[in-house]
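Below is one structure, written out as structure tokens; comments come after it.
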Amino acid sequence: MGDSERNPDKIFIGNLPFAASKEEIVDLFSAVGEVKGINLRADRNTGKLKGFGFVTFSNAESAELAISQFHNYSFQGRPLTVRPADRRGDAG
């Protein structure tokens, strides 16, 4: 995938603890920059979180820093997967 297909301000986060709240995730990622938005994916039928989501930062530098600092970071006992998201919001 080329850089033109990436959203430089947005990251994919996988392996999230199912009990993690949006506030806890925002608190974690705010350590590297201003979080503009968060989208946690939930099952349509049950409403339970699927264990992944997306965080949008105010700038690309914060997103890059989040990837370098939080990929494989242990969050509530689970190692996070953190990588760039493409323009649709999918994992890149």
Could you please tell me which pairs satisfy a Cβ distance under 9 Å, a separation of 6+ or placement on different chains, a first residue in the stretch 69-83 that is touching a residue at least 24 places away in the same chain (Cβ under 8 Å) and among the polar types (S, T, N, Q), and a second residue that is part of a strand (DSSP E or B) and open to solvent by less than 80 Å² (accessible area, probe 1.4 Å)? Gln69/Val82; Thr81/Phe12; Thr81/Ile13; Thr81/Gly14; Thr81/Phe52; Thr81/Ala91
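Yes/no matrix, rows are residues, columns are (1) acidic (Asp, Glu); (2) at pLDDT 95 or above; (3) in contact with an Asp or Glu (Cβ under 6 Å, 6 or more places away or on another chain); (4) on the phi < 0 side of the Ramachandran plot:
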| site | (1), (2), (3), (4) |
| --- | --- |
| Pro8 | no, no, no, yes |
| Ile25 | no, yes, no, yes |
| Ala63 | no, yes, yes, yes |
| Asp86 | yes, no, yes, yes |
Modelled with pLDDT of 95 or more, closer than 23 Å to Phe18 by Cβ and open to solvent by 90 Å² or more (accessible area, probe 1.4 Å), is that true of Asn39? no
Pick from the stretch 42-55, criterion free of Cβ contacts under 8 Å to residues at least 24 places away in the same chain and closer than 14 Å to Asn15 by Cα, ranking: most open to solvent (accessible area, probe 1.4 Å): Lys50
Qualifying position, being without any contact (Cβ under 8 Å) to a residue 60 or more places away in the chain, loosely packed, with under 14 Cβ neighbours inside 10 Å and among the polar types (S, T, N, Q), among Ser58, Ser62: Ser58
Just to be sure I understand, how many residues within the stretch 4-46 are within 20 Å of Phe75 (Cβ to Cβ), assigned to a loop (DSSP other than H, G, I, E, B) and of a type outside the set (D, E, K, R)? 11
Those residues that are in contact (Cβ under 8 Å) with a residue 40 or more places away in the chain, surrounded by fewer than 18 Cβ atoms within 10 Å (Cβ to Cβ) and among the basic types (Lys, Arg), I need them from the stretch 1-36; list them, please. Arg6
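The values are calculated or read from the model by the stated rules, or taken from the named source; none is laboratory data. This one's a predicted model, so the numbers in the text were calculated from it and none came from an experiment. Neighbour counts run over all protein chains shown; Cβ positions are idealised from the backbone, glycine included. Surface accessibility is based on the protein's heavy atoms, side chains included, excluding ligands, DNA and RNA. Shrake-Rupley method; radii C 1.70, N 1.55, O 1.52, S 1.80 Å.
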